[in-house]
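Asks: Below is the structure I would like to discuss, written out as structure tokens.
Just so it is clear, none of the values below were taken in a lab; they were calculated from the coordinates. This structure is a prediction, so every number in the text was calculated from the model and none was measured. Glycine gets a Cβ as well: all are built from the backbone with ideal geometry, and neighbour counts include every protein chain shown.
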Amino acid sequence: MKRWLRTLLILLPITCLALCAATVFIVLPQLREARAADSGAVSTAVVERRNLDDVLIASGTLRPERFINLAFEVSGTVQEVNFRVGDSVRMGDVLAQLDTSQLELQLEQARQALIIQEANYANVTKPASERDIAQARAALAQAEANLASAQAAFDNQQNIITQSCANVAAAEDNFRVAQDNYNRYVAEGYQFDVDFRPDMDSPAGKALKQARDQRDAAVAACNAARRAQSSDAAVRAAEAQVAQAKAALEALLAGATEEQRAIAAAQLAQARLNLAQAERNLSKAKLIAPVDGILSAINVSVGQLVGVGGQPAFVLADTSALYVEISVDEVDVERVQVGQQARFTLIGVNSQTPLKGTVERKNTVGDAAQGVVTYGVRIKVTDRVPQLLGMTADVEIILNTRTNVLTVPTRAIRRDPSGRQYVVVQRSDGTSVEIDVQSGLSVGELTEVNGEGLREGQVVLISGTTTRNNGFFGARN
């Protein structure tokens, strides 16, 4: 029994030494080979320096900055339409024009009215000259002389009438006396003589005839004098002329009143406004493109009568700025920030070069549809692009960028049970070596790596299986 224990104590250290030697000379080389070449097909890749972009992919539609409704501001008949739907226009292009014949007439009338009001204002506000005052005094003197002449003529006619009509009363009295005498003569004749016949040649008859003729002559002379008399209208007209001449002279001496100046100034200002309005109306007969853009709709034609308001004549897409509107899932929207760069391609444009843009706006209110919440993101186009509005754009928003970093295929990065990351680099002599690495940004099948001893151009092994635990002591083969 003691011999057996002695033998066991001798063999146990020897066995431990043998196992350690086997581990060093057999197991470790197997582990290295297993790490260098995993069971299954093995391929290689070259360590490269490149730029990596972490992107968010979405699609949207190319849209203009805004749509501008253009309408005529004056009524008229359309005379010209110079473009068609889809045409590109430049700022200042004449899109359409109305018939301007009536507007031109209104403009000329406004010009003439302004000339009249300018002359009136100048006449009201200028001080009276010595010549004007002298002429006004002379006009007053002439008016007074005309009044005196008219009054003298009127007074002379009144005297003639008075004198001509003064004999009528005496002639009437003489006629009545002669008539009475004749009547007495006739009555006495019938009284004393049955065969009596009145005789106008008798003294009584002759006296009556003479008195009648004298009366008729006096009445005729009076009537003639009355008919020859003019009314006092000439005197009143002369008086009015005198009053007018006096007022004109006083106005010259006093100058225009404040009210007259204000009225003249207001009339002049109104005439200027009328001219400006007429000029504006004429200019508005042309519909001008306010910005560069594309005509998306035209609602007028030659010969059509248009009014102010209502349907716009043209709809212009403002292409001074273009953007793509996309929808981003709520899971990813926090990664999108204003100012991030983006690139996109247009489905209908055959070009291998992506176009550039910038995240301009991110909506803070989501849209829910069929249980999915998305947020609108607006990409402002910064490149010059074909102006194909409405075309679908495939967009990539660059969330993160790594420039000039070492990259390997993601499958070339291996991990051991402890979490250590490494790659297996194949040497030029066919042997391989493990290099510890730290991984960074992963994009697609590539991952950024960094490790001491890892260089551009080295060849790394790629295997179909990255980890497998078996063999001695759970080593990876």
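Asks: So if R0 is 45 Å, what FRET efficiency would Q244 and Q102 give, r being the distance between their Cβ atoms, rounded to the nearest 0.05?
Replies: That pair, Q244 with Q102, gives E of 0.60.
Asks: Further question: Work out the FRET efficiency for Q163 and Q210 from their Cβ-Cβ distance, taking R0 = 30 Å, and round it to the nearest 0.05.
Replies: My answer for the efficiency is 0.85.
Asks: How would you order 86-96, 343-353 from highest to lowest mean count of nearby Cβ atoms within 10 Å?
Replies: The packing order, highest mean first, is 86-96, 343-353.
Asks: So what's the projected area for region 319-382, the Cα convex hull averaged over all directions, in nm²?
Replies: So the mean shadow area of the Cα hull is 5.5 nm².
Asks: Moving on to the next point. Under the definition of Cα pairs under 8 Å and six or more residues apart, what whole-number percent is the relative contact order of region 233-350?
Replies: It comes to 18 percent, rounded to a whole number.
Asks: Give the relative contact order (percent, whole number) for region 130-254; include only Cα pairs under 8 Å separated by 6+ residues.
Replies: 51
Asks: For region 130-254, with the dipole built from +1 on Lys and Arg beta-carbon atoms and -1 on Asp and Glu ones, taken about the Cα centre, which of A245, G189, L147 lies farthest toward the positive end?
Replies: A245
Asks: Calculate the FRET efficiency for V338 and S442 from the Cβ-Cβ distance with a Förster distance of 25 Å, rounded to the nearest 0.05.
Replies: Efficiency, from the Cβ-Cβ distance: 0.50.
Asks: Right, something else. Students often check this: by mean Cβ neighbours within 10 Å, which of 406-412, 318-324, 433-439 ranks highest, and how do the rest follow?
Replies: Highest to lowest by the protection proxy: 406-412, 318-324, 433-439.
Asks: If you don't mind, another one. For a paramagnetic label modelled at 7 Å from the Cα of T44 toward its Cβ, which residues of region 446-462 fall within the zone defined by backbone nitrogen distances under 19 Å?
Replies: Within reach of a label on T44, which here means backbone N under 19 Å from a point 7 Å along Cα→Cβ, region 446-462 contributes 453-462.
Asks: Over the chain, what is the relative contact order in whole percent, taking alpha-carbon pairs under 8 Å and six or more residues apart?
Replies: Reported as a whole number, the value is 31 percent.
Asks: Calculate the tail of P(r) for region 130-254: the fraction of all Cα-Cα distances greater than 22 Å, expressed in %.
Replies: 61
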